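Written out below as structure tokens is the structure these notes cover.
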Amino acid sequence: MTRAVLSLGANLGDRAGTLRAALAALAQDGPVTSSGLYETPPWGPVEQPPYLNAVAVVHADRDARGWLARAHELEQAAGRTREVRWGARTLDVDVVTVSGDDGAAELSDDPDLTLPHPRAHERAFVLVPWLAADADAELPGHGRVGDLLAALDPADVGAVVPWSG
């Protein structure tokens, strides 16, 4: 059994419906604790609509590669295409961190699956929902998520707003 933290985002089509469907699919794998939905400005160099984001903390019998495969399955089910890096998407699922039953984090510097996610500590759209889902969250190698949020630009953190749609 492993514990994975997954960051989900969507900014095309029925954003909320897509995220809710992905979270429901994850719940079929095992226990899930998820944040609410948060609207966030787009990130990256490509002009695009705002995102809805969420974080899921999932427990299931998968290793890190299994979680990456599951993320790709969810994206494919949502009709994701990979045409433009950091471009608009129907669903993006990132594996942020994976840990075993003993709590030890899996570490990887493989370009296909870097763990923990190499930029999660800089992204309010990951950290805000993660802290909502797990008040005691820690990002391996970086520290407590609450402390990481406190170190970010307050404007970036303030731009991540709960969405009630």
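The values are calculated or read from the model by the stated rules, or taken from the named source; none is laboratory data. These numbers were taken from a predicted model, which means no experiment stands behind them. Every residue, glycine among them, receives a Cβ derived from its backbone with ideal geometry; neighbour counts consider all protein chains shown.
Taking the range 37-47, which residues are over 12 Å from the mean Cα position of the chain (by Cα), at negative phi and not in a strand (DSSP E or B)? Residues satisfying the conditions are 41, 42, 43, 45, 46, 47. All but one of (1) in contact (Cβ under 8 Å) with a residue 12 or more places away in the chain; (2) under 20 Å from residue 44 (Cβ atoms); (3) hydroxyl-bearing (Ser, Thr, Tyr) hold for residue 114, so report the exception by its number. Just one mismatch for residue 114, condition (1). Candidates in the range 6-17 are the residues that are within 16 Å of residue 36 (Cβ to Cβ) and not small (Gly, Ala, Ser); of these, the one that is surrounded by the fewest Cβ atoms within 10 Å (Cβ to Cβ) is 15.
Yes/no matrix, rows are residues, columns are (1) surrounded by fewer than 21 Cβ atoms within 10 Å (Cβ to Cβ); (2) outside any helix (DSSP H, G or I):
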{"residue": "130", "(1), (2)": "no, no"}
{"residue": "135", "(1), (2)": "yes, yes"}
{"residue": "141", "(1), (2)": "yes, yes"}
{"residue": "149", "(1), (2)": "yes, no"}
{"residue": "155", "(1), (2)": "yes, no"}
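Taking first residues from the range 136-151 that are within 14 Å of residue 55 (Cβ to Cβ) and partners that are surrounded by 13 or more Cβ atoms within 10 Å (Cβ to Cβ) and of a type in the set (Ser, Thr, Tyr), the Cβ contacts under 9 Å between residues at least 6 apart in sequence or on separate chains come to 138/97; 139/97. From the list 44, 79, 103, the one residue that fits, being exposed (fewer than 15 other Cβ atoms within 10 Å of the Cβ), at pLDDT below 90 and more than 15 Å from residue 10 (Cα to Cα), is 103. Determine whether the range 51-58 contains at least one residue that is at positive phi and of a type outside the set (Asp, Glu). Checked against the condition, which is being at positive phi and of a type outside the set (Asp, Glu), the range 51-58 yields no hits at all. The condition of being under 13 Å from residue 8 (Cα atoms) and either touching a Cys at 6+ places or on another chain (Cβ under 7 Å) or of a type in the set (Lys, Arg) (or both) holds for only one of 70, 62, that being 70.
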